[in-house]
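So the structure is just underneath, and the comments pick up after that.
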Amino acid sequence: MDLIHPGSKADLAGALRAASEEGRRLLPVGGRTHMDRGNPVEVDAELWTTQLDRVVAYDPAEMLIVTEAGIRLDELQRVLGEGGQEWPVDAPAGATAGGVIAAGVSSPRRLRVGHVRDTVLELELVTGDGRAVRSGARTVKNVTGFDIHRLATGSLGTLGVIAQVALKVRPLPQSRRTLVHAGDGGLDLGRRLLDAVPEAAAVLAAPDRVEVRLEGWAAEVEDLTAAARAQTDDLVVLEGETFPARPVGGAPVVVETAVPPSRMAALVEDLEDWTALVGVGLVWFRLPSADTDAIVTIRARAAAFGGVAPVIRGAGGLGDAPLPALEVQRRLKAAFDPAGILAPGRGWGGI
């Protein structure tokens, strides 16, 4: 397969324009860390963004960094760390900023830091036919037009290639701590702990384990720890970077379900090897193989509760859950990628 490595935004636009004219199908690629997300696609070439890795501007006082989208996360976090800050996505070190946004991957610390889309203030997108589109603004008062930067988040490269982003960053917490309860408890204990410690960055519940992530000022973390201990004394305290950034383990196949938080208990009933993000509604199921029956069962339950269950590692794709406003999605695809060359069929509804 051919590989295309544009070295500038002009090169990127030229490559897309040429591919559109030739009808050459392309798969946008960043760090290859989220390639299993979306439906499998057949393409003629991969378009890599990793040479677009320049930091354009960074002012710690403004809590804003502007960078080309191909920068690797380890380098981005290194630059931010020198300013005592972070981009709170907890993606693999080899992932790229644009790839994380295109995949719509958020940190398990979402209760504290929000969804990745909320950190994208401005985005430059190059469409399938080579047009450069800018959306958002580095200051809220200058925001006008459509929220294309939000539309691009989670689009899996089907609408355009992200070339540059302005990201809202946050201070590194003074203290980080993980509280671990091993044994029974599961979702019930997880919910009680979240009720007692609503300022927690995350509460992860599994059938035999609950983990609570605390971060902030040292005194704040001590107070939150005391509140959690009021629910159960059986908590092991782990200091520092001990919380699982991606709570999916090493399983070859992982299904990520999203349902209303109130339906998580019914979703996991009688099922095994799962981890739930309490208060958010995400549940990850780890499977030893691409067991079609197991995936079908999980998807049927998620659909019954108004949710979805894409496979995010291994074979399985997005599934056939009905897509809201499918015709609108098709019109957007036609507007941004008229020749249909960008990751055709990778998105929801086969878009």
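Restricted to strands (runs of 3 or more DSSP E) entirely inside region 28-99, those with at least 2 residues that are in contact with a Ser or Thr (Cβ under 7 Å, 6 or more places away or on another chain) are 55-59. Test Asp270 against the stated conditions and say whether it is on the phi > 0 side of the Ramachandran plot, free of Cβ contacts under 8 Å to residues at least 24 places away in the same chain and either touching a helix residue (DSSP H, G or I) at 6+ places or on another chain (Cβ under 8 Å) or surrounded by fewer than 18 Cβ atoms within 10 Å (Cβ to Cβ) (or both). Yes.
Listed by first and then second residue, the pairs linking a residue in region 292-315 that is under 21 Å from Asp270 (Cβ atoms) and of a type in the set (Lys, Arg) to a residue that is in a helix (DSSP H, G or I) and open to solvent by less than 30 Å² (accessible area, probe 1.4 Å), with Cβ atoms under 8 Å apart and 6 or more places separating them unless they lie on different chains, are Arg301/Leu267.
Counting only residues that are outside any strand (DSSP E or B) and surrounded by 18 or more Cβ atoms within 10 Å (Cβ to Cβ), region 197-218 holds 3 of them. Checked against the criterion of being part of a helix (DSSP H, G or I) and over 17 Å from Arg313 (Cα atoms), region 271-288 contains not a single residue that satisfies it.
The condition of being without any contact (Cβ under 8 Å) to a residue 60 or more places away in the chain, in contact with a Lys or Arg (Cβ under 6 Å, 6 or more places away or on another chain) and open to solvent by 30 Å² or more (accessible area, probe 1.4 Å) does not hold for Ala227.
Report whether or not Thr232 is part of a loop (DSSP other than H, G, I, E, B), touching a His at 6+ places or on another chain (Cβ under 8 Å) and hydroxyl-bearing (Ser, Thr, Tyr). Considered against the rule, which asks whether it is part of a loop (DSSP other than H, G, I, E, B), touching a His at 6+ places or on another chain (Cβ under 8 Å) and hydroxyl-bearing (Ser, Thr, Tyr), Thr232 comes out as yes. Against the condition within 18 Å of Arg37 (Cβ to Cβ) and either assigned to a helix (DSSP H, G or I) or out of contact with any strand residue (DSSP E or B) (no Cβ under 7 Å at 6 or more places or on another chain) (or both), how does Arg330 come out, does it pass? It is false that Arg330 is within 18 Å of Arg37 (Cβ to Cβ) and either assigned to a helix (DSSP H, G or I) or out of contact with any strand residue (DSSP E or B) (no Cβ under 7 Å at 6 or more places or on another chain) (or both). One residue alone among Ala276, Ala265 is under 17 Å from the mean Cα position of the chain (by Cα), closer than 21 Å to Arg110 by Cα and in contact (Cβ under 8 Å) with a residue 40 or more places away in the chain, and that residue is Ala276.
Against the test of being at pLDDT 95 or above, open to solvent by less than 10 Å² (accessible area, probe 1.4 Å) and closer than 30 Å to Arg346 by Cα, the options Ala103, Ala166, Ala132 yield a single qualifying residue, Ala166.
The set of residues in region 117-129 being open to solvent by less than 30 Å² (accessible area, probe 1.4 Å), in contact with a helix residue (DSSP H, G or I) (Cβ under 6 Å, 6 or more places away or on another chain) and within 29 Å of Leu282 (Cα to Cα) consists of Val120, Leu123, Leu125.
Restricting region 296-321 to residues that are more than 17 Å from Arg32 (Cα to Cα) and charged (D, E, K, R), the residue that is farthest from the chain's Cα centre (by Cα) is Arg301.
The values are calculated or read from the model by the stated rules, or taken from the named source; none is laboratory data. Note that the coordinates shown come from a computational prediction; the quantities given were computed from them, not determined experimentally. Every residue, glycine as well, gets a Cβ built from its backbone with ideal geometry; the counts of neighbours run over all protein chains shown. Areas reflect the complete protein model, heavy atoms only, side chains present, ligands, DNA and RNA absent. Shrake-Rupley method; radii C 1.70, N 1.55, O 1.52, S 1.80 Å.
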